[in-house]
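Q: Input: one structure, supplied below.
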Amino acid sequence: MSFPDITADLVARMPELRGKLTANASLAETTWFRVGGPAQVLFRPADEADLAYFRANLPEGVPLVVIGLASNLLVRDGGVPGVVVRLGRGFAGIAPEDERRLRVGAAVPDVKAARAAADAGIAGLAFYRGIPGSIGGALRMNGGAHGGETKDVLVEARAIDGDGEIHVLTCAEMGFSYRHCSVDEDWIFTEALLEGHPGDQAEIQREMNAVAEYREEHQP
């Protein structure tokens, strides 16, 4: 099936938009299970400012859904009406701030964040090696594995609300519980500042290997 094309109207409303809008974009090509219908509009924002501009100018009543790596997502054959947002290159930055902290974009796969922490000698983030998702999903779901959870390592998170306003939330303000956070579901996470502790690169790599081996053995 296909939806009415509303991209021209969106472009007219947002002349300064820099991200990519695609009408009737196949989501089956995005999800790990390779099934499902199209998004009425798939939006890939250029960066945080572009996403904030889009949200501030999106017409009221247009549904909006955010997807990450889509590792645990099934899309119905009828597709998804409205706008599906998928964060990409503009949200994929990784930058160690010191021997303890790592700033990571919401689109970064959890495993890549774990590897970056290991390369920087930051221990305490190896559990992300066992989570098949992105940092944005880890923030939304308090992602965890092997005795570690996002609530244990998060310093702050950045998010954009439905009016396009950017917020910086402390870990306490996230309202974390088991596989859940209490932040309004309408907010889109864009970045996280994670904190571990100084460690030996070889030891961190051994821990990551153990996590990978356990996952392969128990969840192939």
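Q: Which residue out of Arg76, Arg18, Arg34 is among the basic types (Lys, Arg), within 25 Å of Asp163 (Cα to Cα) and open to solvent by 20 Å² or more (accessible area, probe 1.4 Å)? Full working, then the answer.
A: On the way: Arg76 fails: within 25 Å of Asp163 (Cα to Cα); Arg34 fails: within 25 Å of Asp163 (Cα to Cα).
Just a single option satisfies the conditions, and that option is Arg18.
Q: Of all residues in the range 192-211 being in contact with a Lys or Arg (Cβ under 6 Å, 6 or more places away or on another chain) and assigned to a helix (DSSP H, G or I), which is nearest to Leu102 (Cα to Cα)?
A: My answer is Met208.
Q: Something else about it: Take the residues of the range 39-54 that are assigned to a strand (DSSP E or B) and not aliphatic (A, V, I, L, M): which is farthest from Leu21 (Cα to Cα)? Steps first, please.
A: The initial filter retains those residues of the range 39-54 that are assigned to a strand (DSSP E or B), namely 39-44.
When the remaining residues are screened for being not aliphatic (A, V, I, L, M), the result is 40, 43-44.
Values: Gln40: 10, Phe43: 5, Arg44: 7 Å.
Looking at residues that are assigned to a strand (DSSP E or B) and not aliphatic (A, V, I, L, M), I get Gln40.
Q: Something else about it: Please find, among Ala12, Ala49, the residue that is surrounded by fewer than 17 Cβ atoms within 10 Å (Cβ to Cβ) and under 20 Å from Glu191 (Cβ atoms). Before you say what the answer is, go through the steps one by one.
A: Details: Ala12 fails: under 20 Å from Glu191 (Cβ atoms).
Residue meeting the stated conditions: Ala49.
Q: From (1) open to solvent by 60 Å² or more (accessible area, probe 1.4 Å); (2) within 17 Å of the chain's Cα centre (by Cα); (3) of a type in the set (Asp, Glu), pick out the condition that doesn't hold for Glu217.
A: Against the list (1) open to solvent by 60 Å² or more (accessible area, probe 1.4 Å); (2) within 17 Å of the chain's Cα centre (by Cα); (3) of a type in the set (Asp, Glu), Glu217 comes up short only on (2).
Q: I'd like to check something: does the range 129-150 contain any residue that is touching a Pro at 6+ places or on another chain (Cβ under 7 Å) and buried (at least 23 other Cβ atoms within 10 Å of the Cβ)? Please lay out each step first, then the result.
A: Just the residues of the range 129-150 that are touching a Pro at 6+ places or on another chain (Cβ under 7 Å), to begin with: 134.
Then drop every residue that is not buried (at least 23 other Cβ atoms within 10 Å of the Cβ), which leaves 134.
Yes - at least one qualifying residue is present in the range 129-150.
Q: Return a yes/no flag: does the range 161-180 have any residue that is under 24 Å from Ala49 (Cα atoms), buried (at least 22 other Cβ atoms within 10 Å of the Cβ), in contact (Cβ under 8 Å) with a residue 40 or more places away in the chain and in contact with a helix residue (DSSP H, G or I) (Cβ under 7 Å, 6 or more places away or on another chain). First the steps, then the outcome.
A: Initially, the range 161-180 is screened for residues under 24 Å from Ala49 (Cα atoms), giving 161-171, 173-174.
Retained after the next criterion (residues that are buried (at least 22 other Cβ atoms within 10 Å of the Cβ)): 174.
Next, only the ones that are in contact (Cβ under 8 Å) with a residue 40 or more places away in the chain stay: none.
No, the range 161-180 contains no residue that is under 24 Å from Ala49 (Cα atoms), buried (at least 22 other Cβ atoms within 10 Å of the Cβ), in contact (Cβ under 8 Å) with a residue 40 or more places away in the chain and in contact with a helix residue (DSSP H, G or I) (Cβ under 7 Å, 6 or more places away or on another chain).
The values are calculated or read from the model by the stated rules, or taken from the named source; none is laboratory data. The model shown is predicted, which means the values in this text are computed figures rather than measured ones. Reconstructed Cβ throughout: ideal geometry from the backbone, glycine too, with neighbour counts over all protein chains shown. SASA here: full protein model, heavy atoms, side chains in, ligands and nucleic acids out. Shrake-Rupley method; radii C 1.70, N 1.55, O 1.52, S 1.80 Å.
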